[in-house]
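All remarks here apply to the structure that follows.
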Amino acid sequence: MPTIHIDGTAHSIPAGVNLLHAALQLGYDLPYFCWHPALGSVGACRQCAVRQYRDEKDEHGQIVMACMVPAADGTRCSIADTEAAEFRASVIEWLMTNHPHDCPVCDEGGECHLQDMTVMTGHCSRRHRFPKRTFRNQFLGPFINHEMNRCIQCYRCTRFYNDYAGGTDFGAFGAHNHVYFGRHTDGVLENEFSGNLIEVCPTGVFTDKTLKRHYTRKWDLESAPSVCTHCSLGCNTFAGARYGAVRRILNRYHAAINGYFLCDRGRFGYEHANRGDRPRQPLVRDKEGTTHPAAAAEALKAASDALAAAKGVVAVGSPRASLEANYALRALAGSDRYSPGIASAEADAAAVLVELLRDGPLPPASLRDVEHADAIFVLGEDPAASAPRMALSLRQAARQQPLESVDKLGIPRWYDRAARDIIQGATGPLHTAWTHATRLDDIACPFRGAPADIARLGFAVAHHLGGDTPPVADIDEALDNRAKEIAEALRAARRPAVVTGTGLRSRRVLLAAAAVARALARVNGENARLGAVFGEANTVGAALLGGPSPEELLEAVAAGKADTLVVLENDLTRRVDPALLRRALEAARCVIVLDYVATPVVDRADIFLPAGSFAESDGTLVNHEGRAQRSFQALPHDGDGRESWRWLAALTDSPWDALDDILRALAEARPDLAAAADAAPGADFRLNGRKAPRSPRRYSGRTAQLADRTMHEPRPPDDPDSALAFSMEGAAKQVPPSLLSHYWSPGWNSVQSLTRFQEEIAGACRGGDPGTRLFAGAENKPAALAGSPPRPFDPAAVPGLLAVPAFDVFASDELAALSPPVAERAAVPVCRLHPEDAAAHGIADDTDAGIILNGASAVLRARLDPTLARGLVALPVPMPGLPPLADDTYATVRPAS
Amino acid sequence: MIRRPLTALIRPGEPPPGLRDYEAADGYAAVRGTLKDLQPGDVIDRVKEAGLRGRGGAGFQTAMKWGFVPQGEDAPRRKYLVCNADEMEPGTFKDRYLMEGNPHQLIEGMILAAFAIGAEVAYIFLRDEYPLAAKRLRAALAEARDGGHLGKDIHGSGFNLDIHLHISAGRYICGEETALLNALEGKRAVPRAKPPFPPVAGLWGKPTIVNNVETLCYVPHILRHGAEWFRGLGKGRDGGTKLYGASGRVRHPGIWELPMGTTMREIIEDHAGGMREGYRLRGVIPGGASTDFLVPEEHMDLPMDFESVQKAGSRLGTGTMIILDDKTCPVGMLRNLQLFFSRESCGWCTPCRDGIPWIEKTLAAIEAGDGREEDIALLHAHTRLLGPGRTFCAFAPGAMEPLQSALRYFEDDFRRHITEHRCPYANGR
Amino acid sequence: MLSDSERKAIEAELPLYERRRSLCIEALKIVQEHRGWVSDEAVADIAEFLEMGADEVDSVATFYNRIHRRETGRHVIYLCDSVSCWVMGCDRARDRLREKLGIGFGETTPDGRFTLLPIACLGACDRAPALMVGDELYGPLDPGKAEEPLENHE
Ligand SMILES: Cc1cc2nc3c(=O)[nH]c(=O)nc-3n(C[C@H](O)[C@H](O)[C@H](O)COP(=O)(O)O)c2cc1C
Ligand code: SF4
Ligand code: FES
């Protein structure tokens, strides 16, 4: 480890970092703006000036920008140096010459890096006596508010949006002191990661528009460590709440998962929990058949009576419900009468992929692994739409190989300005295989084909990697060459990765991925990883619990083998054949539903129990790589609502009063899932006898809201389920990262204080990254999941068109799509057809097409998409009114009259 | 002996020599000889012996710069040569003179430089406001191509070269060599981080040499007449001649090729014809807007070469002087200079982007009689705070040079504006 | 959409650059030559042709002095206001032009004949004060008769 000297004190620091990085990591207060741990150094703001000395004899030294100087062994510098300090104060003074000084009305106030740095440098009186320049603000869509006058031109926004996230509809305009950051014309920011501008911007230029609509001062937010429920990646978030509503989501750093960034679906999807139509009252159907509101006790009594009287209870769980809720449901119904609630085709695929991750030849890839991979093959998944944050990691991965030329020139990778000029936008091997164009195609080498051909490509890659995979019979030359190229890239890579998913619900594709993984493990397996994408936030957890498919249980109800159906947080209309669901719901004597979303299933409930959303519930979710993570409630339940597991616990005979009780039971019953209990400290965890606080120490809190009734502060609600308190009082330091509800450190009120909560900047959280891995250390069975290549897809030889799913980043996730700002961004549902197929079926672009699928029919707008493989019709997810797709589902498509 | 190699064929007001005239005067002889008989390394050696220093303003050793270009098996095959013909430094008009007056000379120099570094593609980065130079360069390039001096396998040497004319869209910062590379790549002309320096990773990430027009124009002459001859042309340590110029209230503003190290007195009095009737010399900005003032009381006999001017506290810069006379307000002149710099800042780094406009507004206030006592200290502080190393590139430090020296030499003028609340020169102009 | 002649002119430059998007500045200038100025629509046209985002093109367009993102008159008068010209009286020339044309910097005459813009040093310091209209350079101007050269430009 290199040693550096700061103001005469020697420190050991990690190798290969810059001086600013080192100083911050050591806990020095050195101000900065343009540097960002994930975006690197560019030397624009000139805020991080220090004096650097050549050696111990050098008394004069020179002023340098710490972010631009490698912290090499023996580096000597002074932060306290008066000239450096004067310069840093001057930089703030310059930045403030045009700043509007509107802190009292600024959404960023109290959480503003510019405020912090201004205080830190000591700049406090204004000498500039001339008029300020002013800018016009832009409409940027439903997510982001724009207030350009606050800009301090650190260029972070465009570096994130354009350089890092690959956006093209944003930029820096103009020159000199008229540089403007925004769009060429007013309009919605299209990039799916635009929300990060809120955190990347060190002041209030880009702020959260969803927060603005129900604004709360940041220091008055009650927050909890939460886990995003909008896809299977499990990004860590802070959910901030006040007055009974979620106000915003912020990124919660997790080194192996989301790092510094979230996707917009995850950041803005939270508003589903605030919906006015959210069912919050227990309902019971009376003898006349009408439902009426009921008190919790009454509803519980009705439910337990119904269960007692039932002639067969079946229970459908949910991949969007926590492990605890699913487990409690399973305990209620019994393991053969509980379904994890994943539609059968998807469940089959998920089971294969879970097996591959758990027992397969390659360790699961975290997002960090994906980001650092230098050759990637994405096989049969569209992560940009189904697991957006992964697309951002893939974008960085595509730079890994070109960055080697930067290494060769002796330029450190953190020196972003130089690195980008050297590699000039070059990309390394990122091969994708999907049915049509994806949002990664600008940096990928895309193959487009039917699932069978995607599988064949996979098997051919496995073959060319060498090993036991036989050649693919009758393969055409182009496909084979493609496979060779991909195999070559994977073989030559230092950190190759294969990514696949359940998106196509295709066992064949997953077996092909297994073959690639097996072959890769043999030829270049040392650092190789297998990335996986699943449908929902807890698909892996639910799949691990296992059980029959929902279809099987619904059949049982329809056939009269069971008469009582319990549905946990599951909109079955999205998952099962509408005809089957109709029959089952008609046949059921009693339907008990637990949910926090107004679904059609809730409408049919005989007994409805209002569950907590992510914001009001504690629970564990298992992400795409088998990492169990605990999410905590940010706000207390209102009225009669409670966590699903709490309702269910009350309906079983089990003595489960708190979350930890269920986790204990789960661990006993399922040793393979026991580690889930360790995902976060239990409710009895204390630091110096105190719980961890949900509110910041700066909480002003006192409110006159109740003053007309009582002048006493209400007692904060108890929280028996976690080691978090609904209060600002509590442990101040060393809160374990899984219990940390916000970042704050003296002098660092913005998200930039994160550096104080990491072992190493951009490294693990101080105290270890949250969560436990269920698959880590599992014994690898190299022979797992053998398969053989399918026949090529022949459009002429099949009935109709092969129906495949098309995911949309803002429309396809059930919960996020219920958030109004996200819904505003959702694509209009269309069916995609290749222009020639469309012509053959008499369908013109942008006309209505009738789709008939397994006896059900629907009308969708047709979109001619020349990138779609021939013989396919790509249907939107979700597809209201149509049965879910399996690997081999054929549709009849004709013009709608 | 040839004493004024660069301008020997230039006839102001007349069309430049065409290919035939140029060749008749031994033009392209250096190309023929060099490509046939010499290795690239030899060219570098000769330029090194001659001690040629860059004429773009910084005076960097040309051969040393060329030597940084990686050569050999591992080196990138593609390399670039760029001629910096952006010339937007206020007060500077020497490159225009060379390009309009004798475009073939520049082309010949570029061929030799490209050969020396192994570049097969070269660009002339020309500012937009020089349409005549563009026209003449274009014609000359076509002639050179037809004459076999450009293209594939030039004169049977196996060396290929294309020279393209790129016309900029106007920004002073484009003259900064790394900003220039961004402009050539069609991007915003913001300077790049250094390292890597352009000779290692420049245009499109490839090794690139950027040289000034005047620098390149010397190369054929050095190869033709030898290093010793070149060194003999100068009066001091720096060899060669230099294009000197003068503008402002002198009798004959213009450009002259004179031995490197010619004194200021000789340039102003003999060549520029001295001050105009009724005007007295107050100060000289010796080499374009971003150099420190020199004053007649101290510097009339200063040899105008890199080292002497440096020792006197300024820089030779582009060698084209801007003359301040006694009836022109130094505060107003500084304000004008800072207005230029504030408008031309690329906007990348804070001190330059926001500091210079503050300076400019302060100077404007002083000029208008609204100055305050503390403004002087503020201006002084800025000259330090925007000094070398504080900003991302050399633009802002350059902008501070005339200001810091003006605050020293013309302090009284600043003070009078503030105490009298008016411009003492207001009636003078 | 780019016109045929615009496209041809841009395409002719294509082989001279390593990357398509490097033509951005060339393309802006060519389109400006054809259309007089660069409208939002022109930005979009260029972006499409160069396979770039309109925002990327505009961020380049707005950086440079000589790309006009606002409509100009038939002739743009570039009056040099840098130091040598300032010493020699360009402010007076500017005042004279304002008096004669009724426009200041950044403005266009009501008849659409002239737009007046300041420009950084024209490299004509020996002919200060100087101005440029089209490809024609004028100087030294008599600041009191600064409008004289304009007669050549209908
Ligand atoms: C702000 C700025 C503007 C510059 N403008 C020019 C210019 O217009 N022409 C030029 O040749 N060099 C200019 N330079 C210097 C170049 O960066 C570079 O040093 C020069 O082109 C190298 O050529 P030389 O070695 O032949 O002198 C400028 C430098 C700076 C910092
Ligand atoms: S000093 Fe900074 S803002 Fe000024 S031109 Fe250089 S990089 Fe741009
Ligand atoms: S943080 Fe170092 S220059 Fe901006």
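Annotations for the structure displayed:
- The set of residues from the range B:250-304 being surrounded by fewer than 18 Cβ atoms within 10 Å (Cβ to Cβ) and in contact with a helix residue (DSSP H, G or I) (Cβ under 7 Å, 6 or more places away or on another chain) comprises B:G274, B:V295, B:M300, B:D301.
- Residues of the range A:192-215 that are touching a strand residue (DSSP E or B) at 6+ places or on another chain (Cβ under 7 Å), in a loop (DSSP other than H, G, I, E, B) and open to solvent by 10 Å² or more (accessible area, probe 1.4 Å): A:H214 alone.
- Residue ID - nearest to ligand 3 (Cβ to nearest atom), chosen from residues in the range B:324-379 that are among the basic types (K, R) and assigned to a helix (DSSP H, G or I): B:R353
- All positions within the range A:1-45 that are near ligand 3 (Cβ under 10 Å from one of its atoms), in a loop (DSSP other than H, G, I, E, B) and either open to solvent by 20 Å² or more (accessible area, probe 1.4 Å) or away from every other protein chain (no Cβ under 14 Å) (or both): A:L30
- Within the range B:225-237, one or more residues are buried (at least 21 other Cβ atoms within 10 Å of the Cβ) and farther than 25 Å from B:A406 by Cβ.
- Of the candidates B:D292, B:D301, the single residue that is in a loop (DSSP other than H, G, I, E, B) and touching a residue at least 40 places away in the same chain (Cβ under 8 Å) is B:D292.
- Tally, over the range B:185-205, of residues that are within 7 Å of another protein chain (Cβ to nearest Cβ) and within 26 Å of C:I30 (Cα to Cα): 6
- Checking A:A542, A:A528, A:A562, A:A587 one by one, the residue that is among the aliphatic types (A, V, I, L, M), open to solvent by 30 Å² or more (accessible area, probe 1.4 Å) and either over 31 Å from the mean Cα position of the chain (by Cα) or more than 19 Å from A:G312 (Cβ to Cβ) (or both) is A:A587 and no other.
- Residue check, A:A493 out of contact with any Leu (no Cβ under 9 Å at 6 or more places or on another chain) and farther than 15 Å from A:L353 by Cα: yes
- Condition check for A:V64: within 11 Å of chain B (Cβ to nearest Cβ), in a strand (DSSP E or B) and of a type outside the set (F, W, Y): yes
- Among all positions in the range A:46-66, there is no residue which is within 10 Å of ligand 3 (Cβ to nearest atom), in contact with a Ser or Thr (Cβ under 6 Å, 6 or more places away or on another chain) and open to solvent by less than 10 Å² (accessible area, probe 1.4 Å).
- Residue within the range A:84-92 that is at negative phi and away from chain B (no Cβ under 13 Å) present: no
- Failed condition for A:T290, given (1) surrounded by 22 or more Cβ atoms within 10 Å (Cβ to Cβ); (2) modelled with pLDDT under 95: (1)
- Residues that are away from chain A (no Cβ under 14 Å) and charged (D, E, K, R), drawn from the range B:319-378: B:D325, B:D326, B:K327
- Looking only at the range C:100-154, residues that are over 18 Å from C:R66 (Cα atoms), among the β-branched types (V, I, T) and buried (at least 22 other Cβ atoms within 10 Å of the Cβ) come to 0 in all.
- Some residue of the range B:403-420 being farther than 21 Å from B:R282 by Cα and at pLDDT 95 or above: yes
- Of the residues making up the range C:54-66, those that are touching a Gly at 6+ places or on another chain (Cβ under 8 Å) and of a type outside the set (K, R) are C:D55, C:E56, C:D58, C:S59, C:V60, C:T62, C:F63, C:Y64, C:N65.
- Residue in the range A:531-551 that is among the charged types (D, E, K, R) and more than 30 Å from A:R265 (Cβ to Cβ) present: no
- Within the range C:1-100, helices (runs of 4 or more DSSP H) holding 1 or more residues that are charged (D, E, K, R) and farther than 24 Å from B:R343 by Cα: C:4-13, C:24-35, C:40-50
- Scanning the range A:206-223 turns up no residue that is touching a Phe, Trp or Tyr at 6+ places or on another chain (Cβ under 9 Å), of a type in the set (V, I, T) and within 14 Å of chain C (Cβ to nearest Cβ).
- Subset of the range B:57-98 that is among the small types (G, A, S) and within 16 Å of ligand 2 (Cβ to nearest atom) - its residue that is farthest from B:G170 (Cα to Cα): B:A58
- Applying the criterion of being surrounded by 22 or more Cβ atoms within 10 Å (Cβ to Cβ) and touching a Gly at 6+ places or on another chain (Cβ under 8 Å) to the residues of the range A:884-897, the residue that is farthest from A:P451 (Cα to Cα) is A:V893.
- Among the candidates A:L510, A:L479, residue that is under 19 Å from A:F793 (Cβ atoms), open to solvent by 10 Å² or more (accessible area, probe 1.4 Å) and either of a type in the set (F, W, Y) or modelled with pLDDT of 95 or more (or both): A:L479
- Residue match in the range C:70-87 (condition: within 14 Å of chain A (Cβ to nearest Cβ) and modelled with pLDDT of 95 or more): yes
- Residue match in the range B:228-249 (condition: free of Cβ contacts under 8 Å to residues at least 60 places away in the same chain, in contact with a Lys or Arg (Cβ under 8 Å, 6 or more places away or on another chain) and part of a loop (DSSP other than H, G, I, E, B)): no
- With respect to the conditions (1) touching a strand residue (DSSP E or B) at 6+ places or on another chain (Cβ under 7 Å); (2) within 11 Å of ligand 1 (Cβ to nearest atom), B:Y97 falls short on a single one, namely (2).
- Residue count, the range A:293-306 (criterion: in contact (Cβ under 8 Å) with a residue 24 or more places away in the chain and open to solvent by less than 30 Å² (accessible area, probe 1.4 Å)): 5
- Number of positions in the range C:24-53 that are open to solvent by 40 Å² or more (accessible area, probe 1.4 Å) and of a type in the set (G, A, S): 1
- The residues of the range B:156-184 that are open to solvent by 30 Å² or more (accessible area, probe 1.4 Å) and either more than 14 Å from chain C (Cβ to nearest Cβ) or under 20 Å from B:K65 (Cα atoms) (or both), listed by number, are B:G156, B:S157, B:G158, B:N160, B:E176, B:E177.
The values are calculated or read from the model by the stated rules, or taken from the named source; none is laboratory data. The structure displayed is predicted, hence computed values, not measured ones. Cβ sites come from the backbone with ideal geometry, for glycine too, and all protein chains shown count toward neighbours. Keep in mind that these areas ignore ligands, DNA and RNA; they rest on the heavy atoms of the full protein, side chains included. Shrake-Rupley method; radii C 1.70, N 1.55, O 1.52, S 1.80 Å.
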